[in-house]
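Structure first, commentary second.
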Amino acid sequence: MTSLLEKIRDFESPVVPVLAVVFTVFIVSCMPYRIIGHGYLPKDDVTRHSAKVVSGKAWSEILVLRGDMRLDSHPGWHAILGAVHKATKWPPYDLAVFSVASLFLLVALVPVFLIKRPEAWILALLILVLFDLGTLYRPLIGRPFLVTTAYMIAFAAAWRELRSGPEHGPARWWGTAAATVLLAALSTWIHCGWYLLALPCAALFLAREWRAGIRLSTGSLAGIILGSALTGHPVGFLVQTTKHFFLSLGDTPQRLLVGEFQPAGGDYGFLLVFVLLIMWRFIRNRWDRKVVDGPVFILVCMCWVLGFIVGRVWNDIGLWVGLVWIAREIEGLLEGGAGFRSLKRLLFSTAAVCVLFLALTNDANGRWSLYRPEMHITPETVKDLSWLPGDGGIVYNEDMFVFYDMFFRNPRANWKYLLGFEPALMPKEDLAVLRDIQLKSGDKDAYAPWVKKMRPGDRLILRRSSMFEPDIKGLEWKFIANAVWSGRLPKKKAGR
């Protein structure tokens, strides 16, 4: 028996690395569907992307927009979803599920193919789940920014390829150049944050990786030009997305900004992992200055600092680049254990990904099943349809989730929304009213400018308890759905 166990322990095969990747990909691919099976569906942007594709409308036909913000900021993602919708005829819900699953897999699986030992990446993800599960919601919200996150992960895992020159072989050199341009173009076309591509370039120069920095900078610039050209409005797209960024921040108090534009808190618990891994290197006498003086660690530090200004720089870039750094450190530790082709390694890899599956997908405290759109404002659920907006009407709302829910469930409805997915897109005078409402914590008099503008087909939709009818002068009210009130002009006033 002992001899048999020793043979199993010492068994090695070239098939092991392949099986480790295959099994990891299979289990990770099951994760988003297991989570969605609990009833999970993000409440925000994934709903509006899916609904827009089904509606077949431009944003100017869906939202009341300021005059200089009429281009689609995510034309590539809408083109992809549009192709899926055309081929499958899926409704918004199925398109949202596709978005959540496909973009999660893009982020979660890129390092599996770029790191020698995929189990190191799995262990890094497991550490994230244990330290900060809230952050792991981000790759499960089905939004196109995850394409840029995947770009940053790929950079962190494979940046050394940028060191190669023609002397390393023309195929390798041209392949790296083409990949750099293509990935930057896709990030620009699908996600409008093209300016974020400057971050890894800066990290390379700060790490004194001059050749790699020049190659990535020129490739990124070419990719941005190509990606913006694919939008059909290259100059207008770049101008609008730049203006959108500054308008989104503006001079608004930070607490009133959308959540992802608010500052991050520093994520000190997760940073402890970096400190412990560095200390472990010292303990083992394996210290190497390049561990913290390389572009990956520098990019992590840059994003951590910038996160105190805009939280998503850390949450959507820095943290994920940091996970690749952690995975590389874990990979070094694993090299001293099971052999690369050993059965022991396959068993360990399998166990790691199974534990990650169980840790991530369980529905403790309803963390997945209770997270879903919940207002259900549709002609089927509202008994008196006269309380919905009329043909060509406008939904006045102070809460973006009113837009997300109504548009998701009524993508072809013939009305517009005053507040959509970003307050900065609103006409200036309406944005001023919204900020006044927010600063005054929903004071009834702050709504007066909107009430004064309302027409018979318009509705003021508010999220409030059924026990408290809004006390806003000039409107009559009806409780129409779960925690939703609809206000309209009184019939006499509307008919004058």
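Points worth noting:
- Hits in region 35-76 (condition: hydrophobic (A, V, I, L, M, F, W, C) and either part of a helix (DSSP H, G or I) or out of contact with any Lys or Arg (no Cβ under 7 Å at 6 or more places or on another chain) (or both)): I35, I36, V46, A51, V53, V54, A58, W59, L65, M69, L71
- Yes/no for S486 being among the polar types (S, T, N, Q) and either within 29 Å of F261 (Cβ to Cβ) or not in a loop (DSSP other than H, G, I, E, B) (or both): yes
- Scanning region 231-272 for residues that are crowded, with 17+ Cβ neighbours inside 10 Å, at pLDDT 90 or above and of a type in the set (A, V, I, L, M) yields a single hit, L238.
- Y93 fulfils the conditions (1) within 29 Å of K243 (Cα to Cα); (2) part of a helix (DSSP H, G or I); (3) within 19 Å of the chain's Cα centre (by Cα) except for a single criterion, (1).
- Flag for L183 being under 30 Å from G39 (Cβ atoms) and in contact with a helix residue (DSSP H, G or I) (Cβ under 8 Å, 6 or more places away or on another chain): no
- Condition met for G265 (assigned by TED's automatic domain parsing to the domain that holds N315, part of a loop (DSSP other than H, G, I, E, B), under 24 Å from the mean Cα position of the chain (by Cα) and farther than 25 Å from S73 by Cα): yes
- Pairs, first over 19 Å from L257 (Cα atoms) in region 409-428, second crowded, with 19+ Cβ neighbours inside 10 Å and of a type in the set (G, A, S), C-beta under 6 Å, six or more apart: P411/A51; W415/G393
- The residue pairs whose first member lies in region 23-36 and is farther than 16 Å from L346 by Cβ, whose second member is surrounded by fewer than 22 Cβ atoms within 10 Å (Cβ to Cβ) and among the small types (G, A, S), and whose beta carbons are closer than 8 Å, counting only pairs six or more residues apart or on different chains, are P32/A101; Y33/A101; I36/A101.
- Yes/no for I214 being over 30 Å from K290 (Cα atoms) and either in a helix (DSSP H, G or I) or at pLDDT 90 or above (or both): no
- Scanning region 32-43 for residues that are surrounded by 19 or more Cβ atoms within 10 Å (Cβ to Cβ) and touching a Phe, Trp or Tyr at 6+ places or on another chain (Cβ under 6 Å) yields P32, I35, Y40.
- Set L249, L238: member being touching a residue at least 24 places away in the same chain (Cβ under 8 Å) and under 14 Å from D72 (Cα atoms): L238
- Looking across region 21-30, just one residue is aliphatic (A, V, I, L, M) and either under 22 Å from G259 (Cβ atoms) or crowded, with 20+ Cβ neighbours inside 10 Å (or both), and that is V28.
- Residues in region 200-211 that are part of a helix (DSSP H, G or I) and surrounded by fewer than 21 Cβ atoms within 10 Å (Cβ to Cβ): 5 in all.
- Positions within region 447-496 being surrounded by 14 or more Cβ atoms within 10 Å (Cβ to Cβ) and of a type in the set (D, E), in sequence order: D458, E469, E476
- In region 134-144 there is no residue that is farther than 26 Å from A264 by Cβ, touching a residue at least 12 places away in the same chain (Cβ under 8 Å) and in the same structural domain as T188 (by TED's automatic domain parsing).
- Residue within region 66-89 that is over 30 Å from G223 (Cα atoms) and crowded, with 20+ Cβ neighbours inside 10 Å present: no
- Residues located in region 350-403, provided they are part of a loop (DSSP other than H, G, I, E, B), closer than 16 Å to L136 by Cα and without any contact (Cβ under 8 Å) to a residue 40 or more places away in the chain: N362
- The listed residues are V300, V310, V324, and the only one of them that is modelled with pLDDT under 95 and β-branched (V, I, T) turns out to be V310.
- Those residues of region 301-317 which are within 18 Å of the chain's Cα centre (by Cα) and either in a helix (DSSP H, G or I) or touching a residue at least 60 places away in the same chain (Cβ under 8 Å) (or both), in sequence order: C303, W304, L306, V310, G311, R312, V313, W314, N315, D316, I317
- Subset of region 280-329 (residues that are touching a helix residue (DSSP H, G or I) at 6+ places or on another chain (Cβ under 8 Å) and of a type in the set (G, A, S)): G307, G311, G318, G322, A327
- Of the residues in region 68-82, at least one is farther than 20 Å from G193 by Cβ and at pLDDT 95 or above.
The values are calculated or read from the model by the stated rules, or taken from the named source; none is laboratory data. Bear in mind the structure is a predicted one, so any value in this text is a computation, not a measurement. Note: ideal-geometry Cβ built from the backbone for every residue, glycine included; neighbour counts use all protein chains shown.
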